[in-house]
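Participant: Please find one structure pasted underneath; my questions will follow.
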Amino acid sequence: MQQQTAPDTGFSNQGPIPMECDAPFLKVKGELPRDLNGTLYRNGPNPQFDAPGAHWFVGDGMLHAFHLENGRASYRNRWVRTPKWQAEHDAGRALFGGFGRKLPDAPVTAIPDGGVANTNIIFHGGRLLALEEAHLPMEIEPGTLATLGSCNYGGGIKGPFTAHPKIDPVTGEMMFFGYNAAGPFTPGALVRIGRCLRLSDALRPVGDALCQHGARLRRHRKSPAVSDLAAHRQHDARDERPAALCLGA
């Protein structure tokens, strides 16, 4: 069993889990149906190290997997090995203070990538993906939760990928948007079973202060195309971590 330490924040519902662990035989009260097999994945912020002034939203992504099979239950958790996580692990300390901001005493040679992959977890096109708003998806091995690296769909995606893509229930295609801090154009794409079909730019007013965090898909009766990827959604601060359920996984 592999273990990693995390900061001690005292007694709090928002405190991080300080280790990685495997629990292959969880105690079951009652009885689980033997034909209910699959894995429930969850993702959420769980900082590897204390960082001065860092908001708990920007803690390193940690994945949790609850697996049911033949009436038994097991659990496994792992941090997402982002470049930031690996650099801080190697340094034995925090290098970022949150939202990609380097700490003043971080070495000049420290990587500039502060991605944490801590916001959502989805399964699409045979890939399990850990997501956040400002970076490419991080692909995860579904069984071990090992990080396989960033996923750019064969070079089809070169910029940020939203943490809240939408999947067309009819075609299975996944649509996303991404922020581009270099200008007012926001790339978006249609991804079908692991392949990026097209990438387009959507102009947003420069003075628009709204933060586009979610989106809705609406299907027109006379067209198979998916449209209306523009909706503003606000979230409260309750701890409702995203989850992906893979039956039969």
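The values are calculated or read from the model by the stated rules, or taken from the named source; none is laboratory data. No experiment lies behind these values; they were computed from the predicted model shown. Positions of Cβ are backbone-derived with ideal geometry, glycine not excepted, and every protein chain shown enters the neighbour counts. These accessible areas exclude ligands, DNA and RNA; they are computed on the full protein's heavy atoms, side chains included. Shrake-Rupley method; radii C 1.70, N 1.55, O 1.52, S 1.80 Å.
Participant: Looking at the stretch 111-149, which of its residues are open to solvent by less than 40 Å² (accessible area, probe 1.4 Å), outside any strand (DSSP E or B) and within 16 Å of ARG81 (Cα to Cα)?
Facilitator: Within the stretch 111-149, GLY114, GLY115, VAL116, ALA117, ASN118, THR119, GLU132, PRO137, LEU145 qualify.
Participant: Confirm whether ALA51 is more than 24 Å from THR144 (Cβ to Cβ) and either open to solvent by less than 30 Å² (accessible area, probe 1.4 Å) or touching an Asp or Glu at 6+ places or on another chain (Cβ under 6 Å) (or both). Reasoning before the result, please.
Facilitator: Numbers: more than 24 Å from THR144 (Cβ to Cβ): yes; either open to solvent by less than 30 Å² (accessible area, probe 1.4 Å) or touching an Asp or Glu at 6+ places or on another chain (Cβ under 6 Å) (or both): yes.
Answer is yes for this residue.
Participant: I'm told GLN14 meets every condition in (1) modelled with pLDDT under 95; (2) more than 22 Å from GLU133 (Cα to Cα) except one. Can you identify the failing condition by its number?
Facilitator: Of everything listed in (1) modelled with pLDDT under 95; (2) more than 22 Å from GLU133 (Cα to Cα), GLN14 misses just condition (2).
Participant: How many of the residues making up the stretch 15-45 are of a type outside the set (Val, Ile, Thr), in a loop (DSSP other than H, G, I, E, B) and out of contact with any Leu (no Cβ under 7 Å at 6 or more places or on another chain)?
Facilitator: Just the residues of the stretch 15-45 that are of a type outside the set (Val, Ile, Thr), to begin with: 15-16, 18-27, 29-38, 40-45.
Among the residues that remain, those that are also in a loop (DSSP other than H, G, I, E, B) are: 15-16, 18-21, 24-27, 29-37.
Those left that are additionally out of contact with any Leu (no Cβ under 7 Å at 6 or more places or on another chain): 15-16, 18-21, 24-27, 29-31, 33-35.
Matching residues across the stretch 15-45 total 16.
Participant: Can you name every residue in the stretch 46-69 that is in a strand (DSSP E or B) and closer than 17 Å to GLU133 by Cβ?
Facilitator: Residues of the stretch 46-69 in a strand (DSSP E or B): 61-69.
GLY61, the sole residue that qualifies.
Participant: Return yes or no: is ARG81 in a loop (DSSP other than H, G, I, E, B) and either open to solvent by less than 30 Å² (accessible area, probe 1.4 Å) or within 22 Å of PRO142 (Cα to Cα) (or both)?
Facilitator: Numbers: in a loop (DSSP other than H, G, I, E, B): yes; either open to solvent by less than 30 Å² (accessible area, probe 1.4 Å) or within 22 Å of PRO142 (Cα to Cα) (or both): yes.
It is true that ARG81 is in a loop (DSSP other than H, G, I, E, B) and either open to solvent by less than 30 Å² (accessible area, probe 1.4 Å) or within 22 Å of PRO142 (Cα to Cα) (or both).
Participant: State all residues of the stretch 88-102 that are open to solvent by 20 Å² or more (accessible area, probe 1.4 Å) and either at pLDDT 90 or above or in contact with a Leu (Cβ under 9 Å, 6 or more places away or on another chain) (or both); if no residue qualifies, say none. Please lay out each step first, then the result.
Facilitator: Taking the stretch 88-102 as the starting set, the residues that turn out to be open to solvent by 20 Å² or more (accessible area, probe 1.4 Å) are 89-93, 99-102.
Selection gives HIS89, ASP90, ALA91, GLY92, ARG93, LYS102.
Participant: How about the stretch 150-195: which of its residues are modelled with pLDDT of 65 or more, open to solvent by 20 Å² or more (accessible area, probe 1.4 Å) and among the polar types (S, T, N, Q)?
Facilitator: SER150, ASN152, THR171
Participant: Still on this structure, please answer the following. Across the stretch 64-98, what is the number of residues that are over 16 Å from GLN48 (Cβ atoms) and not hydroxyl-bearing (Ser, Thr, Tyr)? Spell out how you get there, then give the answer.
Facilitator: Step one: of the stretch 64-98, the residues over 16 Å from GLN48 (Cβ atoms) are 65-76.
Filter once more, keeping what is not hydroxyl-bearing (Ser, Thr, Tyr): 65-73, 76.
So the count comes out to 10.
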